[in-house]
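The values are calculated or read from the model by the stated rules, or taken from the named source; none is laboratory data. Fair warning: this is a prediction, and the values are worked out from it, not measured in the lab. In this analysis, Cβ positions are derived from the backbone assuming ideal geometry, glycine residues included, and neighbour counts consider all displayed protein chains. We work out accessible area using only protein heavy atoms, side chains counted, and drop any ligands, DNA or RNA first. Shrake-Rupley method; radii C 1.70, N 1.55, O 1.52, S 1.80 Å.
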Amino acid sequence: MASLVSLSFFLFLALLAAQAFFVVPVLSTSRRVLFKDHNPDRTGFRVTLKHVDHGKNFTKFERVQRGIKRGKLRLQRLNSMVLSENSDSSSVEAPISAGTGEFVMKLAIGTPPESFSAIMDTGSDLIWTQCLPCEQCFSQSTPIFDPKNSSSYSKLSCSSPLCDALPSSTCSDGCEYFYAYGDYSSTQGVLATETFTFDEHSVPGIGFGCGGDNQGDGFSQGAGLVGLGRGPLSMVSQLKEQRFSYCLTSMDDTKSSLLLLGSSASVKNKSSSSIITTPLIKNPSQSSFYYLSLQGISVGDKKLSIEKGTFSLQQDGSGGLIIDSGTTITYLEQSAFDVLKKEFTSQTKLEVEKSGSQGLDLCFKLPKDATSVEVPKLVFHFQDANLELPSENYILSDSDSGVLCLAMGGSSGMSIFGNIQQQNFLVLHDLVKETLSFVPTQCDQL
């Protein structure tokens with residue numbers, strides 16, 4: 001049975017889970033109630049997130065197109081990291097990190113606290129911000145942090161565990177680090193500890209990079225980066241929190257998303273049947289990433305004939321699929337994407353738009369004066385979890401240009417489950433149970 005995709009801005013999603021086709025709005029109209037935690041507990045707190053294009057005069061389609069350009073660079077960086085780990089070269093090079101993400105948080109550093117913005121990145125570990133004195137720093141909207149003005153700043157010794165956890169360090173005036181990113185951006189400075197404040201919740205003794213030499217244009221949206229990966233340098237690991245989650249609103253919203261750490265990340269008032277949980281997979285050669293076991297994909301009622309092991313981690317650490325907040329659309333290993341693209345085209349009774357001007361691999365022409373179109377449902381079969389996506393999490397429509405596109409693409413090597421596919425899910429990372437859960441959530445109402 002088929003249902004319809006409304007072309008009106010004001011119609012909400014009517015999701016028919018048992019059917020092969022969806023009723024999908026072209027544009028999201030979700031709303032978010034801003035939350036301020038006035039009584040943070042000892043183990044949990046919330047942080048507001050904004051998309052890097054928040055507040056700019058872009059349509060949803062334009063936001064996605066900008067995100068795709070950044071996402072392709074990020075995908076290249078991630079694959080470069082894997083290649084560098086597997087290289088047999090005897091030359092010594094600085095480790096490559098994933099680089100910038102798509103969401104920015106506000107926080108404060110030091111005593112007294114000085115506010116700044118930083119990029120949230122679930123694909124890397126190091127926390128860092130620009131510091132004075134600056135040998136080379138990029139422009140930022142807030143004053144650059146001056147350690148001399150903080151009573152809680154302390155350099156870390158070269159024998160500290162966090163210094164030892166750095167992929168590359170030297171020992172001169174304390175523990176000195178250098179991080180290079182795949183777009184040739186880099187940060188260099190001293191590893192230290194400071195008090196970080198999130199809203200009204202202060203956490204002392206957080207190890208971070210105090211960067212006095214920061215180059216490239218990859219960090220223009222913030223004054224640094226907060227790594228939320230699985231390694232010992234990340235914010236989550238240093239807080240010794242057992243779990244964290246985020247809830248991302250639709251990209252066409254002007255509202256904020258949310259990051260929750262510790263006890264605040266708990267799932268409350270949700271039935272167990274609505275919670276979809278799958279194991280987190282470890283990759284010894286890439287310990288920062290959150291790998292998932294993707295075992296298959298269905299389009300409509302048809303499970304795709306994808307070769308077994310297509311999304312599996314290889315013995316050399318290559319391949320696999322990660323879930324990433326810093327990549328806009330989902331990228332699937334090319335052979336699998338080709339199968340999905342063929343079946344999706346077959347079930348979508350629209351003419352394919354072949355110009356490629358949208359920056360996406362599969363687009364269709366919207367019929368003139370059409371009030372509705374049919375789109376097949378899409379299900380990702382993770383280990384122990386079948387995740388059926390709301391249609392707005394994979395369909396992008398632009399009535400002005402008369403196109404409807406699939407928000408996915410092909411890749412060579414690593415596959416990535418992107419943030420559009422995660423919108424309006426509470427994505428819960430439980431680092432003790434080593435599981436990841438998807439909880440359908442209206443993120444603007446948390």
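Given region 309-440, report the % of alpha carbon pairs whose separation exceeds 21 Å.
Summing the P(r) tail past 21 Å for region 309-440 gives 45 percent.
With N set to the residue count of region 226-350, report its C-alpha Rg divided by 2.2 N^0.38 Å to two decimal places.
1.27
In Å², and per residue, what accessible area does region 296-446 have when probed at 1.4 Å with the other protein chains present?
38
Under the 0.36 nm per residue contour assumption, what length would be gained going from the current alpha-carbon distance of residue 111 and residue 308 to full extension?
65.5 nm
Decide, for region 271-324, between rounded, prolate and oblate: order the square roots of the alpha carbon gyration tensor eigenvalues as a ≥ b ≥ c, take rounded if a/c falls under 1.5, and otherwise choose prolate if a/b is larger than b/c, else oblate.
Working: a/c = 3.14, a/b = 1.27, b/c = 2.47.
Since a/c reaches 1.5 but b/c is at least a/b, the shape of region 271-324 is classed as oblate.
Is region 251-301 best put as rounded, prolate or oblate by its Cα gyration tensor, with a ≥ b ≥ c the root eigenvalues, rounded for a/c under 1.5, and otherwise prolate when a/b is larger than b/c, oblate when not? Intermediate values should be presented prior to the final figure.
On the way: a/c = 1.44, a/b = 1.17, b/c = 1.23.
The shape class here is rounded.
Across region 397-446, what fraction of all alpha-carbon pairs, as a whole percent, falls in each successive 10 Å bin from zero upward?
Whole-percent P(r) values from 0 Å outward: 19, 32, 36, 11, 2.
Once label points are set 7 Å from the Cα along Cα→Cβ at both residue 170 and residue 442, what is their separation, rounded to one decimal in nm?
Computed distance between label sites residue 170 and residue 442 equals 5.6 nm.
Determine which aspartates and glutamates satisfy two conditions relative to residue 56: a Cα distance under 15 Å, and not lying fewer than 8 residues away in the same chain.
Here the aspartates and glutamates satisfying the reach criterion relative to residue 56 are 102, 252, 253.
With every protein chain kept in the model, how would you rank 351, 343, 194, 200 by accessible area, 1.4 Å probe, largest at the top?
Heavy-atom accessible area, descending, gives 351, 200, 343, 194.
Set the bar at 29 Å for Cα to Cα. Now go through 72/155; 302/433; 155/282; 60/368; 255/342 and name every pair that lies beyond it.
72/155; 302/433; 155/282; 255/342
Relative contact order for region 111-201 using alpha-carbon pairs under 8 Å, separation at least 6, rounded to a whole percent?
In percent, rounded to a whole number, it is 24.
Mind checking which aspartates and glutamates have their C-alpha under 17 Å from residue 303, skipping anything on the same chain fewer than 8 residues away?
333, 338, 343, 384, 388
Relative contact order, percent, of region 307-446 when contacts are C-alpha pairs under 8 Å separated by at least 6 residues? Walk me through the intermediate numbers first.
Values: 216 pairs, mean separation 44.7, N = 140.
Computed over region 307-446, the figure is 32 percent.
With just the Cα atoms of region 319-393, tell me how far they stretch along each of the three principal axes, in Å, largest first.
Over region 319-393, Cα extents along the principal axes are 41, 24, 24 Å.
With an 8 Å Cα cut-off and a minimum separation of 6 or more residues, compute the relative contact order for region 270-311 in percent.
Numbers: 28 pairs, mean separation 10.9, N = 42.
Computed over region 270-311, the figure is 26 percent.
Out of 422, 402, 327, whose Cα points farthest toward the positive end of the dipole of region 305-446 (charges: +1 Lys, Arg; -1 Asp, Glu; placed on Cβ)?
Of 422, 402, 327, it is 402.
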